[in-house]
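Please treat every number below as a calculation from the coordinates, not as lab data. Remember, it's a predicted structure, so these values are computed and weren't measured experimentally. Virtual Cβ from ideal backbone geometry, glycine too; neighbours counted across all protein chains shown.
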Amino acid sequence: MEIIYILWLRQIKRYFRSKARIIGSLGQPLLFMLAFGFGFGPIYAKAGEGNYIEFLVPGIIAMSILFMATFSGLEIIWDRQFGFLKEMLVAPVSRIKIMIGRCLGGATVAVLQGLIVLGLSYIIGFRVHNFLAALGAIFFMFLIAFLFTLFGTAIASSLKDVQGFQLIVNFLVMPIFFLSGAFFPLDGLPKAIMTVVKFNPLSYGVDALRGTLGNLNHFSLMTDFYVLGLIIVGFLFLTSYLFSKIEA
């Protein structure tokens with residue numbers, strides 16, 4: 001368990017060590033909240049759907065977690081290039097523990113990012129409806145973060161160059177985000193789009209955050225939990241296998 005704690009702590013220290021990384025990673029969420037929140041807010045209100053900021057912010061929090069968690073896999077490629085990964089892999093420690101420690105650290109950093117975005121959302125008028133229920137949002141933030149950290153680690157375990165990782169992740173992450181219902185309600189969607197949304201794991205993460213932060217969920221919270229939990233279990237096996245085959 002010591003190696004898991006060491007790698008978890010290392011990921012968190014890396015995050016707080018880079019002030020530019022923290023500030024830079026907040027630019028996109030803030031831009032989306034301001035541009036979309038105030039740009040589409042009047043249209044959303046005229047459609048009788050209420051306050052668009054309350055609908056949008058959980059989706060932006062999920063977006064921030066998604067990007068931070070997935071791109072944490074990039075550090076595996078960096079560590080491979082600088083030799084740190086080789087030192088870990090030759091140590092008498094289970095590769096599974098190394099993978100879990102890295103993923104827990106990446107997930108924790110992504111959750112911290114989500115909490116910062118949640119705090120910033122108060123500046124533009126977002127309010128949590130029930131603070132007790134909002135504690136459940138932190139739990140779901142971690143599920144989203146851990147799932148997509150596993151996802152990013154699985155991709156990074158199969159690649160050796162940074163450019164290839166960035167191309168593949170951008171190709172996969174953008175559709176996952178835009179087809180998760182982060183920007184639009186799921187009621188009344190065409191069947192083809194709704195089918196894609198239902199097979200998108202982030203859809204259930206966004207829905208769970210909306211349910212816990214604003215009581216606006218489309219599915220039930222138990223459905224969100226079961227779907228995310230099952231996918232995490234599947235990715236645990238897949239990522240463990242790919243990481244065990246990695247060559248430093």
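Structural remarks
- The charge dipole of the chain, taken about its Cα centre with unit charges on the Cβ atoms of Lys, Arg (+1), Asp and Glu (-1) only, comes to about 480 debye.
- Checking every one of the trypsin sites (Lys or Arg not before Pro) in the stretch 143-248 against DSSP loop status and a limit of 16 other Cβ atoms within 10 Å picks out Lys160, Lys245.
- Residues of the stretch 172-193 with amide N under 17 Å of a point placed 7 Å along Cα→Cβ from Gln28: 172-183
- Treating each Cα of the stretch 111-155 as an identical point scatterer and summing with the Debye formula, the log10 of I(q)/I(0) at q = 0.16, 0.18, 0.25, 0.29 Å⁻¹ comes to -0.51, -0.62, -0.92, -1.05.
- Exposure proxy for Thr239, Thr149, Thr223, Thr108: other Cβ atoms within 10 Å of each Cβ, ordered fewest to most, give Thr223, Thr108, Thr239, Thr149.
- Site pair Ile138 and Ile123 shows an inter-label distance of 2.3 nm when each label is modelled 7 Å from Cα along Cα→Cβ.
- Leu189 paired with Leu221, simple spin-label distance in nm, labels 7 Å along Cα-to-beta-carbon: 2.2 nm
- For the stretch 110-248, the dipole from Cβ point charges (+1 on Lys and Arg, -1 on Asp and Glu) about the Cα centre works out to 80 debye, to the nearest 20.
- Computed log10 I(q)/I(0) for the chain at 0.07, 0.16 Å⁻¹: -0.24, -1.15, from the Debye equation with unit scatterers placed on every C-alpha and solvent omitted.
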